[in-house]
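The structure appears right after this line, and notes come after that.
The values are calculated or read from the model by the stated rules, or taken from the named source; none is laboratory data. Predicted, not measured: the structure shown is a model, and the values here were computed from it. In this analysis, Cβ positions are derived from the backbone assuming ideal geometry, glycine residues included, and neighbour counts consider all displayed protein chains. Just the protein is used for accessible areas: all its heavy atoms, side chains included, with ligands, DNA and RNA removed. Shrake-Rupley method; radii C 1.70, N 1.55, O 1.52, S 1.80 Å.
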Amino acid sequence: GRLPAVGNPEELLRRIVAAARRLVGADGSRIDLLDETTNRLRWAFADGATAEADARLLRDRGLEMGEGVAGRAAAEGHAVRTGDYLADPDIRHGPAAIAFVRETGVRSVLSTPLPGLGRPLGTLTVLAFRVDAFTDADIDLLDTFALQASLAITNSRRLQALARATEENARRAATERALREIAARIGALRDPAEIIQRTVDEAARLLGADWARLDVTG
């Protein structure tokens, strides 16, 4: 009940990561977001005993689709778990994930995709130092948190897109108004240099430039 009332999307995602870890009895948790440009999962938020190592080892490289438990969950579109990460032959182990697991002592991993349109927005992952730590009930619970995270991300991106559209519309309106004013002024001016200077000044103002220049060919 408290989660949807949190206004800041980043704060909401941090609370989701923390609550998911606590309620499934995990030692660590994290959210990775899908980078549309590189098609890799990028570290976004983490909580618990593994958070520092998460950020240090996985932030820059991220995970390929299909790599590790989180990468496989994102690629296959459903929750994936392992009871003993390094000993599981069904998990494709990347170098960054191997370094992370060996340093932290993580054994069990459960990850589920953050649902999106056509493809996941990322993954929500919980980790434990003990073997076979997670159950089917934990999958259901993690899926619930993943849906909340997905809604927060989607709403945040919609608000950002709306803000950009509003800003762009305002700039276009200002541009059209400035062009009408310039046209009216030009008709009243007799000095070509003054006309050119006003045009350059308005161009700099409307484009948010620090300076502007007009070059005339001889």
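Sum up the charges of everything whose Cβ sits under 14 Å from the Cβ of residue 135, counting Lys and Arg as +1 and Asp and Glu as -1, but leave residue 135 out.
Result for the neighbourhood of residue 135: -3.
Would you mind checking which residues have amide H under 5 Å from residue 40's amide H? H placed 1.01 Å from N; only 5 or more apart, or other chain.
Hits under the 5 Å cutoff: 35.
Whenever you get a sec, compute what percent of the accessible area on the chain sits on carbon and sulfur atoms (1.4 Å probe).
It is 52 percent, rounded to a whole number.
With the Cα gyration tensor of region 5-88 giving a ≥ b ≥ c as the square roots of its eigenvalues, does the rule (a/c under 1.5 for rounded; else a/b larger than b/c for prolate; else oblate) give rounded, prolate or oblate?
Here region 5-88 falls in the oblate category.
Picking from 150, 127, 25, whose Cα lies most toward the positive end of the charge dipole for the chain (charges on Cβ: Lys, Arg +1; Asp, Glu -1)?
150
Taking the Cβ-Cβ separation of residue 60 and residue 11 as r and a Förster radius of 22 Å, what is the calculated FRET efficiency to the nearest 0.05? Mind dumping the intermediate values first?
On the way: r = 24 Å, r/R0 = 1.10.
So, using R0 = 22 Å, E works out to roughly 0.35.
Assuming a ≥ b ≥ c are the square roots of the Cα gyration tensor eigenvalues, decide whether region 165-218 counts as rounded (a/c under 1.5), prolate (otherwise, with a/b larger than b/c) or oblate.
oblate
Treating only the Cβ atoms of Lys and Arg (+1) and Asp and Glu (-1) as charged, compute the dipole magnitude of the chain about its Cα centre; round to the nearest 20 debye.
520
Grab the other residues whose beta carbon is less than 12 angstrom from that of residue 214, score K and R as +1, D and E as -1, and report the net.
-1
To the nearest 20 Debye, how big is the dipole of region 1-120 about its Cα centre, given +1 on the beta carbon of each Lys and Arg and -1 on that of each Asp and Glu?
In total the dipole reaches around 240 debye.
With only Lys, Arg, Asp and Glu charged, each at its Cβ (+1 for the first two, -1 for the last two), find how big the charge dipole of region 165-214 is about the Cα centre; round to the nearest 20 debye.
In total the dipole reaches around 140 debye.
Where does the chain land at 222 nm, in deg cm²/dmol rounded to the nearest 500, when only DSSP H runs of n ≥ 4 count, each adding -39500 (n - 2.57), divided by all residues?
-17500 deg cm²/dmol
Is region 1-144 best put as rounded, prolate or oblate by its Cα gyration tensor, with a ≥ b ≥ c the root eigenvalues, rounded for a/c under 1.5, and otherwise prolate when a/b is larger than b/c, oblate when not?
Note, shape of region 1-144 comes out rounded.
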